[in-house]
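Peer 1: Handing you this structure, nothing more for now.
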Amino acid sequence: MHIWVLTILFLWSSFQENPTRFQIQPEPLQPGTCEGNRALLGNVSHIAKELGKDEVIIAVAKLGKGEKPFMNKRRLYTITTYLDLPPEKLITAEGDPTNGHALMEFYVKGKPFLVLAIGKNQELEVGDCQIDFNKTKFYMPKRKNR
């Protein structure tokens with residue numbers, strides 16, 4: 001037990017010195033699982049709470065090849081809702097489309113920190129991992145009445 005605590009403290013202190021040292025980006029980049037996304041976004045949330053007053057997290061959504069354009073807005077809404085950070089700590093943006101999977105990129109202190117791949121026209125799976133995210137409107141914006 002003590003070894004795990006010391007390992008976590010060492011990694012955290014190393015991150016404080018150089019946040020991009022422990023970038024998480026599997027090769028080749030494939031869509032993750034709900035549980036994996038929750039764990040990685042938990043790290044993003046924890047780091048955001050440790051940042052200084054003028055430091056921010058930047059989340060950039062990029063459409064995958066052949067995706068519907070509204071998917072970026074849904075994914076950014078999911079991130080904003082799930083992370084539940086003050087507006088001054090999280091900046092969201094849409095990036096250029098990719099030639100493969102959709103991507104959600106996170107930057108800490110202006111440097112790349114995390115990249116999540118998302119399946120074609122799929123939701124970013126977070127939250128309650130026992131539900132079907134493509135059939136449930138869990139972290140989706142409410143539709144406007146027309």
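The values are calculated or read from the model by the stated rules, or taken from the named source; none is laboratory data. What you see is a predicted model, and the numbers here were worked out from it, not measured in a lab. Because the Cβ atoms are built from the backbone with ideal geometry, glycine has one as well, and the counts that use them run over all protein chains shown.
Peer 1: Just one of the numbered conditions (1) outside any strand (DSSP E or B); (2) of a type outside the set (Lys, Arg); (3) in contact with a helix residue (DSSP H, G or I) (Cβ under 9 Å, 6 or more places away or on another chain) is not true of Phe106; which one?
Peer 2: (1)
Peer 1: Quick one: which of Glu55, Glu67 is surrounded by fewer than 19 Cβ atoms within 10 Å (Cβ to Cβ) and acidic (Asp, Glu)? Lay out the reasoning, then the answer.
Peer 2: Details: Glu67 fails: surrounded by fewer than 19 Cβ atoms within 10 Å (Cβ to Cβ).
After applying the criteria, what remains is Glu55.
Peer 1: Condition first: under 18 Å from Val44 (Cβ atoms) and either at pLDDT 90 or above or surrounded by 14 or more Cβ atoms within 10 Å (Cβ to Cβ) (or both). Now tell me which residues in region 73-88 satisfy that.
Peer 2: Of the residues in region 73-88, the ones under 18 Å from Val44 (Cβ atoms) are 75-88.
Those that are under 18 Å from Val44 (Cβ atoms) and either at pLDDT 90 or above or surrounded by 14 or more Cβ atoms within 10 Å (Cβ to Cβ) (or both): Arg75, Leu76, Tyr77, Thr78, Ile79, Thr80, Thr81, Tyr82, Leu83, Leu85.
Peer 1: Among the listed residues Pro69, Pro97, Pro86, which satisfies the condition of being within 30 Å of Gly52 (Cβ to Cβ) and not hydrophobic (A, V, I, L, M, F, W, C)?
Peer 2: Numbers: Pro69 fails: within 30 Å of Gly52 (Cβ to Cβ); Pro97 fails: within 30 Å of Gly52 (Cβ to Cβ).
Result of the check over Pro69, Pro97, Pro86: Pro86.
Peer 1: Got a sec? Which of Gly52, Gly95 is free of Cβ contacts under 8 Å to residues at least 60 places away in the same chain and touching an Asp or Glu at 6+ places or on another chain (Cβ under 8 Å)?
Peer 2: Details: Gly52 fails: touching an Asp or Glu at 6+ places or on another chain (Cβ under 8 Å).
The conditions single out Gly95.
Peer 1: Taking only pairs six or more apart or across chains, which ones have beta-carbon atoms under 6 Å, a first residue in region 65-89 that is β-branched (Val, Ile, Thr), and a second residue that is buried (at least 17 other Cβ atoms within 10 Å of the Cβ) and outside any helix (DSSP H, G or I)?
Peer 2: Going by the 6 Å Cβ cut-off, the qualifying pairs are Thr78/Leu124; Thr78/Tyr139; Ile79/Ala59; Thr81/Tyr139.
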